[in-house]
Structures are given as C-alpha cells and as structure tokens.
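The values are calculated or read from the model by the stated rules, or taken from the named source; none is laboratory data. Computed from a prediction, not measured in an experiment: that's the story for all the values here. All Cβ positions, glycine included, derive from the backbone under ideal geometry; neighbour counts span all protein chains shown. These area figures cover heavy atoms from the full protein model, side chains too; ligands, DNA and RNA do not enter into them. Shrake-Rupley method; radii C 1.70, N 1.55, O 1.52, S 1.80 Å.
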Amino acid sequence: LWLHEGLAEFYSTFRGSSYGDRSQIGRPVGHRVRVLHDLTLLPLRKLLGPNHQDLFRDPWGTAVFYSQSWAFVHYLMLGDNGAHRAQLKAYLAGQSSSGTLDERFARAFGAPLEQVDRELAAYVQRFSWPVAEVKSTRVETAPPALERLPEIDALGHQAHLLVSHGALDEADLLLDRAQAIDGAHVATRLTRARSLIARDRHAEALEVLGV
C-alpha cells in the first residue's frame, strides 16, 4: 500500500513544458511536506508492514501514512542522486523470499531498518527536495496503413448512427442499399430490427431477425 500510494503522489506532480523539451517529475507536495515537518514519522517497520488499520482510525495517523509513503518513494527514487532505485528493485524482487521483514529489508538495502529510518528522517527535514528533469524524445512513427471498408459495412455503420439519433427514414435508405448488396448481412439485419423497434413494429423486427 505504501508503494502504491507513494508512487501515485510522486508522479502526480509531473510538469510538462509547452516551450521546451524537458519535463519535471518528483516536485514536492506542499501539504505532505508540512505534515512531515509537524508530526512524528512512523517507524519504517510500521510503514512497510501489512497492518495499517489502527492508523486509518486516526486522521493524523492517516495523514502521516500517506505523507511518509510519498516521502519514502521520493527518497528511493531521487535521494542521493538515484542511488536507492536499485535497492527498491531488490526489495520488491525479494518479497517472496524467506525471512522476516527485517531480514528481507537488510538484504535489499544493505542496512537495517533503523538506519534507513534515520536517513529518511534527515531527508524529510531538509529545506529542499531534488526534482528529476526528463528530456523528452520525439518518436517518429509511420501512419497506420489505411484499409478500404467494404461498402456494406460503411452503409451499416452510417445507418446504425442514424438510427441511434432517431433519423429512421434516412437510415432506411442506407439499409435498403446494404441489403441489396447482401440480404443476409447480420449487422444490417440488426440495425433494421432496431429501426423497426423504434417504430413499435416489433413483429416485423422479429421477422427480420428470423425469430
């Protein structure tokens, strides 16, 4: 849950540029920063653990959980020039491995939870937050190949649209042309039946459908 919510907020601050080829990711979230400065952080063992029900009973506990989830993701993605991204990847890859939370964490991060607790606390108490600047790349793709739609299908699509908007007489003209091409065409028969039902001619609609 912490990763899901933290990543959502981390990428929610994406800012593109209409004038240049660079975008920003990971800009600080003002109200989250205020919570982190005003309230006590959770131990990472609590943040990463499976049980958060007691936190969500308290609005302050909820605020800390979401704010710290964002901050921990920010630390893992951008802290120390991105040095912790590989640790996050290793931690996620090791979720199915044996051992306690402390053991899996230590294997991935090369440090105990308590040490990273201290590092995260120092990270959130700073007055500046790193922001990633991403250079946009232009992707040149060939336009998809155009295929000519069979006439009966084109007539059927137009008739279906007209029936949907109540232009039944205009639709019937197109349906007549389509049925002259193929009287058994399923989509044409369905659209004809819809046109008849819209006129309360249900028996004729059933006959068209062969029911």
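I'd like to check one number: the per residue accessible area of the stretch 65-211, probe 1.4 Å, reported in Å² as a whole number.
Result: 62 Å² of accessible area for each residue.
Go ahead and estimate [θ] at 222 nm for the chain from helices alone: -39,500 (n - 2.57) per DSSP H run with n ≥ 4, summed, over the residue count, rounded to 500.
-18000 deg cm²/dmol
When the accessible area of the stretch 92-211 is computed with all protein chains present and a 1.4 Å probe, what percentage of it is carbon and sulfur?
57 percent
Which whole-number percent is the relative contact order of the stretch 54-211 (Cα, under 8 Å, 6+ apart)?
It comes to 11 percent, rounded to a whole number.
Using Cα centres only, tell me the gap between the stretch 97-124 and the stretch 14-89 in whole Å.
Taking the Cα centre of the stretch 14-89 as reference, the centre of the stretch 97-124 is 16 Å away.
Between Asp80 and His202, with labels modelled 7 Å along Cα→Cβ, what's the label distance in nm to one decimal, could you check?
Each label point lies 7 Å from its Cα, and together they span 7.3 nm.
Under a 1.4 angstrom probe, counting protein chains only, how are Trp60, Trp2 ranked by accessible area, largest first? If you can, show how the numbers build up before the last one.
On the way: Trp60 165, Trp2 20 Å².
Order by accessible area, largest first: Trp60, Trp2.
How are the C-alpha pair distances of the chain spread across 5 Å bins, as whole percents from the shortest bin up?
Binned Cα distances yield the sequence 1, 6, 11, 12, 10, 7, 5, 3, 4, 4, 7, 9, 10, 7, 3, 1.
Quote the charge dipole size of the chain about the Cα centre in Debye, to the nearest 20; the model charges only the Cβ of Lys and Arg (+1) and of Asp and Glu (-1).
On the way: 23 positive and 25 negative charges, 180 e Å.
The dipole of the chain has a size of about 860 debye.
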